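> To start, I am sharing the structure in question, which I have written as structure tokens.
The values are calculated or read from the model by the stated rules, or taken from the named source; none is laboratory data. Worth saying up front: this structure is predicted, and the values here are computed from it rather than measured. With ideal geometry, Cβ positions are generated from the backbone for all residues, glycine too; neighbour counts draw on all protein chains shown.
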2 protein chains.
Amino acid sequence: MSLRARALYDFRAENPGEVSLREAEVLSLCSEQDIEGWLEGVNSRGERGLFPASYVEVIRSEPASPPPPPPPPPAPDSRYSNLPAGGYSPPQPSAQAPPQLAFSFPAGAVQPRPSALHYQQSQPSDDDWDDEWDDSSSTAADEPGGAPTPGYYGGGGFHDYDGSSSRYRMSTRSELPPGSYSTTASSASQAAKGSATVSRNLNRFSAFVKTGGEAFVLGEAAGFVRDGDKLCVVQGPHGPEWQENPYPFGCSIDEPTKQTKFKGMKSYISYRLLPSHTGLQVYRRYKHFDWLYTRLLEKFPVISVPRIPEKQATGRFEEDFISKRRKGLIWWMDHMCSHPVLSRCDAFQHFLTCTDEKAWKQGKRKCEKDDMVGANFFLTLSTPPGAPVLDPHDVEGKLDSFKAFAKRMDEGVLQLNQTAGEFARKQASGFKKEYQKVGMAFKGLGQAFEIDQQPFSVGFNRAMAFTGDAYDAIGEMFAEQPRQDLDPIMDLLAVYQGHLANFPDIIHVQRGALTKVRESKKHVEEGKMELQKASDIQERCNIISYASLAEIQHFHKIRVRDFKSQMQHFLQQQITFFQKVTLKLEEALQKYDAA
Amino acid sequence: MSLRARALYDFRAENPGEVSLREAEVLSLCSEQDIEGWLEGVNSRGERGLFPASYVEVIRSEPASPPPPPPPPPAPDSRYSNLPAGGYSPPQPSAQAPPQLAFSFPAGAVQPRPSALHYQQSQPSDDDWDDEWDDSSSTAADEPGGAPTPGYYGGGGFHDYDGSSSRYRMSTRSELPPGSYSTTASSASQAAKGSATVSRNLNRFSAFVKTGGEAFVLGEAAGFVRDGDKLCVVQGPHGPEWQENPYPFGCSIDEPTKQTKFKGMKSYISYRLLPSHTGLQVYRRYKHFDWLYTRLLEKFPVISVPRIPEKQATGRFEEDFISKRRKGLIWWMDHMCSHPVLSRCDAFQHFLTCTDEKAWKQGKRKCEKDDMVGANFFLTLSTPPGAPVLDPHDVEGKLDSFKAFAKRMDEGVLQLNQTAGEFARKQASGFKKEYQKVGMAFKGLGQAFEIDQQPFSVGFNRAMAFTGDAYDAIGEMFAEQPRQDLDPIMDLLAVYQGHLANFPDIIHVQRGALTKVRESKKHVEEGKMELQKASDIQERCNIISYASLAEIQHFHKIRVRDFKSQMQHFLQQQITFFQKVTLKLEEALQKYDAA
């Protein structure tokens, strides 16, 4: 508490790592030295984080009346440097309504990727088996200044692939493109501890830094890797792949049931899970999924952890929500079980198999104390025996094409999601209405005809009435159909929107490593680094390359598998639907034969 | 030319029998005596007809400067006396834009029934086989002051069944309801020649008067009826019916061809007709259909003559119009051939069989000189041998229920027509768009996927592209489908809108006859009429009753036949459509099996 500062203006934290300030609030500073215009400190609510240096004045004397606030420092992220002019809007003093970026994403807007950092911070520390943090909204979306809600249902896609997605300015914003990296970094590097010859990335938001990727590449990770912890990449027919799980399994999730405790004072929803490899059922609540998800995010930097359905503060016991969440959890479970690395990790196995409350708590603590995270995680990666060192240019090229692919897929997914949603709405409104209006009109005319009750008209009149009913029913069928075909497609798209939102960080870690290789080579050429050290850096980078290419390959494999089977399902459902319509009409037609 | 008058104001003829006047124009009067406020005369264009007496001044000296026009006499029609207050708008001096009642019917508005009177007047007298009156627009809808265009496509239904149809004020407007008849009639009857004991209806617009029904009932018709002219009503299982044509036939109408004459200066459309009973083809133009239609209207007062498609001034050679007109003519021909009386009448047979131009002209003149029209027509009606005299109350009751039926059917037809039209439009716009948007979205995502060309994705990518195309094609199919199913339904509805518009006059004639019976009975009770005379009136009324009930019965029979077969056609087409959609989807699904 040596250094203190007073906030000159309100500042609303919009990204993990930032803290909000209230005008006139007194903060303690960690250092008077700003980094690219940002200071670190602890605000009056005890929250530690970054804020614009220009928004505070260091307390040395009484402050003069404050001048109008200067703009905050620019976001240093120029990784996707084609942000439009209006793309990055600096935070404004919030006399006006606070920007709601993190709290209410309009449909189709960009949703920041939840980061491991965030989860470490927001993770409650209590171990109570049945505590209510999931069921209360305090950590959910409506807390001002809270972290963005994880989950893939809220937003309409993640557009970090697209430079035009102006609202994305998240954890990765301070990583510079490889070309401009060393210059910028060197200008500030004197202020940081600089023991390594290769300059260190100052930006704490960089995924490369955050995940421990940098520390690993620079040779700072050290730990004992048990054989069981090894994550093996093998050479597949199409390049590096994760070694398949030799004992694949699945896990069903039953319709959840509502449970109560404290004599009915508290209610929660419990899911029965039945993993195929143990055959032993376990009961889990949403908060357990959430705990696991957080652990996985923290542990696996170059793996796309499937997202769990979003938290929801209200309507948690409504059937629609429960059914939707269950579908989301089933997708999540499928992607977990399908992943050769995730499916075998300790935390997931603990989650799937533990039936005892005491063991649960022990296992939970053990997972939370896992020291094979961060830089050490990369130690557990193992390349194929005798595998060649991948050409960094090749890896860079593959990253580029995956990035192009992911960008296009993200756009395609967003487009299809919007179209499917619109189509479902149209079927439930317009299509239904049109068919039912036709039904009404047939019925209306039929009712007029019924005034004439001569023997030769009676059968025909009945057939007309039936036809009217048939079109009414067809209208209803159109309205109901999207549940069978479009909704599953949209569920699938949501899962992949989550994955696509995960990949920028994976790409980022990989690019950071490749940059280090390039820098180290340059240093060697300039005689500033020993060849061995550069060679070690390249070798460690190579391990990351194997892992990220394996992860990309895994993504393609499950993508083709999932989309193929969902398209088949969709078409099959559509066929069944049109056959049902046809059947209904044939039934109506037969009434005329009899007439 | 003894009496002349000068028009004080513009007057626009709005009903058959009226003539238009231009301010200051000089007319010759048929009589100085007005009838209920109307005078008859010949205007400067040689058109003879009625106009409000108050709109002219008889020329005796130079006219003074005209005072503002008084309102024209009220329309005396109170047959459907619940016309709303604004229903009958008296013609206004046309300083303002002329009312367009007769010329532009908004969709859904009421279209006046063309009357025989009108056709007699507007019928051109020339006999030229190929004259151009059909092809010029001079008699068509755009001539100011012209008669309403006949045909059933223009308006959206005929609502004389409905008291709220305020714009209907046609040829039947002066017929009073039976209850109020004698009083009103007697007040004016002194002015008319009054030889019969039963008072005569003064209103020349009354269908009962116009058709000669009144004259016939009063015993004034006299003529020699050849056996071949006899129109027999028989006692069917459900009441009076027209005697079936023992030699039923049909007649096909081929795709019309464009013909030219005067070395290509003039063009016209010619239809090849092939009647099944002669097997000899004849060529007819629209004007020949129109001539025949006019003759039939004139000749058959208690028969619903099917309407021919409307005249059209522009676009007559456009394919859509030609195809639409042909469909209309096919329907017309079907209804002509189906009608036991119409199918056998001389004019129709002449039309169907004459191949020689000279014979055509002779036959045409003969038909036009037919003396079995008007009152004499009723002489040709023949009741079943030994048939009982129908109870006038029963007949009245049957008329009432048919009227109720027709009103409901008319509403139902209008509703279905609007719904079908709207549904067709929706399929061509919204439905098509939605399916094609889904196709685009699948294609878009598929194109993103194509960036990944690994062997395991290639087949799937192709399947995605195919699915996109399939949905695009389905959109197109939706847009095209209405031609196959909804359009024929709407064609059918148009035919029946025409019939429904014909029935008020048929009902009217019947009611007029029944009124005469009632009056004559009263006169007998009061000792003003001999029993024999009243008995003769009842007998003649009975003949009309047989005919109109037979016509109603015929209507029901063809209605059930037509609607049944069209509903079957519609449903069959819809089934085929949905099967085609299903097939397309199955084709798409198979691509995934191969993938």
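> Residues A:Y592, A:Y546: which one is touching a Pro at 6+ places or on another chain (Cβ under 9 Å) and either facing chain B (nearest Cβ under 10 Å) or among the aromatic types (F, W, Y) (or both)?
Result: A:Y546 is the single residue among A:Y592, A:Y546 that is touching a Pro at 6+ places or on another chain (Cβ under 9 Å) and either facing chain B (nearest Cβ under 10 Å) or among the aromatic types (F, W, Y) (or both).
> Also, quick follow-up: Looking only at the range B:201-234, count every residue that is more than 26 Å from B:F348 (Cα to Cα) and either at pLDDT 90 or above or under 28 Å from the mean Cα position of the chain (by Cα) (or both) and tell me the total.
Adding up the residues that qualify gives 9.
> Can you pull out the residues in the range A:404-429 that are of a type outside the set (A, V, I, L, M) and in contact with a helix residue (DSSP H, G or I) (Cβ under 6 Å, 6 or more places away or on another chain)?
A:R408, A:D410, A:G412, A:Q415, A:N417, A:T419, A:F423, A:K426, A:Q427
> Another question about this same structure. Between B:S206, B:S276, B:S270, which is among the hydroxyl-bearing types (S, T, Y), in contact with a helix residue (DSSP H, G or I) (Cβ under 9 Å, 6 or more places away or on another chain) and within 25 Å of B:M333 (Cβ to Cβ)?
Sole residue among the options that is among the hydroxyl-bearing types (S, T, Y), in contact with a helix residue (DSSP H, G or I) (Cβ under 9 Å, 6 or more places away or on another chain) and within 25 Å of B:M333 (Cβ to Cβ): B:S276.
> If I ask for residues that are within 20 Å of B:Q574 (Cα to Cα), within 45 Å of the chain's Cα centre (by Cα) and facing chain B (nearest Cβ under 7 Å), which ones from the range A:569-589 would you list?
A:Q574, A:I575, A:F578, A:Q579, A:V581, A:T582
> Looking at this structure, is A:V305 closer than 29 Å to B:Q454 by Cβ, touching a Pro at 6+ places or on another chain (Cβ under 7 Å), away from every other protein chain (no Cβ under 14 Å) and touching a residue at least 24 places away in the same chain (Cβ under 8 Å)?
Values: closer than 29 Å to B:Q454 by Cβ: yes; touching a Pro at 6+ places or on another chain (Cβ under 7 Å): no; away from every other protein chain (no Cβ under 14 Å): yes; touching a residue at least 24 places away in the same chain (Cβ under 8 Å): yes.
For A:V305, the condition - closer than 29 Å to B:Q454 by Cβ, touching a Pro at 6+ places or on another chain (Cβ under 7 Å), away from every other protein chain (no Cβ under 14 Å) and touching a residue at least 24 places away in the same chain (Cβ under 8 Å) - is not met.
> Is it true that some residue in the range B:394-413 is in contact (Cβ under 8 Å) with a residue 60 or more places away in the chain and more than 14 Å from every other protein chain (Cβ to nearest Cβ)?
Yes, because at least one residue in the range B:394-413 is in contact (Cβ under 8 Å) with a residue 60 or more places away in the chain and more than 14 Å from every other protein chain (Cβ to nearest Cβ).
> Continuing with the same structure: Looking at the range A:537-550, is at least one residue charged (D, E, K, R) and closer than 20 Å to B:S457 by Cα?
no
One line per residue, one yes/no per condition, for (1) in contact with a Lys or Arg (Cβ under 7 Å, 6 or more places away or on another chain); (2) at pLDDT 50 or above; (3) part of a loop (DSSP other than H, G, I, E, B):
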residue: B:G49; (1), (2), (3): no, yes, no
residue: B:P72; (1), (2), (3): no, yes, yes
residue: B:P76; (1), (2), (3): yes, no, yes
residue: B:S94; (1), (2), (3): yes, no, yes
residue: B:L101; (1), (2), (3): yes, no, yes
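> Residue check: is A:D320 without any contact (Cβ under 8 Å) to a residue 60 or more places away in the chain and farther than 28 Å from A:N502 by Cβ?
No: the conditions fail for A:D320.
> Scan the range A:468-486 and tell me whether some residue there is free of Cβ contacts under 8 Å to residues at least 60 places away in the same chain, buried (at least 23 other Cβ atoms within 10 Å of the Cβ), more than 9 Å from chain B (Cβ to nearest Cβ) and within 24 Å of A:L589 (Cβ to Cβ).
Yes: one or more hits.
> While we're here: Going by the conditions given, is B:I537 within 14 Å of another protein chain (Cβ to nearest Cβ) and in a helix (DSSP H, G or I)?
Details: within 14 Å of another protein chain (Cβ to nearest Cβ): no; in a helix (DSSP H, G or I): yes.
Considered against the rule, which asks whether it is within 14 Å of another protein chain (Cβ to nearest Cβ) and in a helix (DSSP H, G or I), B:I537 comes out as no.
> Considering only the range B:487-544, how many residues are acidic (D, E), touching a residue at least 12 places away in the same chain (Cβ under 8 Å) and farther than 20 Å from B:S304 by Cα?
The qualifying residues number 4.
> Please find, within the range B:455-467, the residue that is surrounded by the most Cβ atoms within 10 Å (Cβ to Cβ) out of those that are facing another protein chain (nearest Cβ under 9 Å) and within 24 Å of A:K426 (Cβ to Cβ).
Going through the qualifying residues, I end up with B:M464.
> Now for a different question. Of all residues in the range B:425-438, count the ones that are within 7 Å of chain A (Cβ to nearest Cβ) and in contact with a Leu (Cβ under 9 Å, 6 or more places away or on another chain).
The total comes to 1.
> Follow-up. Condition test on B:Q553, is it at the interface with chain A (Cβ under 10 Å from one of its Cβ atoms) and more than 25 Å from the chain's Cα centre (by Cα)? Spell out how you get there, then give the answer.
Numbers: at the interface with chain A (Cβ under 10 Å from one of its Cβ atoms): yes; more than 25 Å from the chain's Cα centre (by Cα): no.
Answer is no for this residue.
> Test of understanding: among A:L379, A:L416, which residue is farther than 30 Å from B:P237 by Cα and more than 14 Å from chain B (Cβ to nearest Cβ)?
Working: A:L416 fails: more than 14 Å from chain B (Cβ to nearest Cβ).
Going through A:L379, A:L416 in turn, just one is farther than 30 Å from B:P237 by Cα and more than 14 Å from chain B (Cβ to nearest Cβ): A:L379.
> Only one of these conditions is not met by B:D452: (1) buried (at least 20 other Cβ atoms within 10 Å of the Cβ); (2) at pLDDT below 95; (3) in a helix (DSSP H, G or I). Which number is it?
(3)
> Something else: I'm checking my understanding of the structure. Among residues of the range B:439-453 that are among the small types (G, A, S) and more than 7 Å from chain A (Cβ to nearest Cβ), which one is farthest from B:D469 (Cα to Cα)?
Once the filter is applied, the top-ranked residue is B:G446.
> Kindly evaluate B:Q566 against the criterion of being under 34 Å from the mean Cα position of the chain (by Cα), assigned to a helix (DSSP H, G or I), under 18 Å from B:D391 (Cα atoms) and within 14 Å of chain A (Cβ to nearest Cβ). Give the steps one after another, and end with the answer.
On the way: under 34 Å from the mean Cα position of the chain (by Cα): yes; assigned to a helix (DSSP H, G or I): yes; under 18 Å from B:D391 (Cα atoms): no; within 14 Å of chain A (Cβ to nearest Cβ): yes.
When the stated conditions are applied, B:Q566 does not pass them.
> Is it the case, given these coordinates, that B:P385 is part of a loop (DSSP other than H, G, I, E, B), touching a residue at least 24 places away in the same chain (Cβ under 8 Å) and away from chain A (no Cβ under 14 Å)?
For B:P385, the condition - part of a loop (DSSP other than H, G, I, E, B), touching a residue at least 24 places away in the same chain (Cβ under 8 Å) and away from chain A (no Cβ under 14 Å) - is not met.
> Give me the strands (runs of 3 or more DSSP E) completely within the range A:238-318, filtered to those with at least 2 residues that are at positive phi, under 24 Å from the mean Cα position of the chain (by Cα) and small (G, A, S), ordered by residue number.
Result: empty, no element qualifies.
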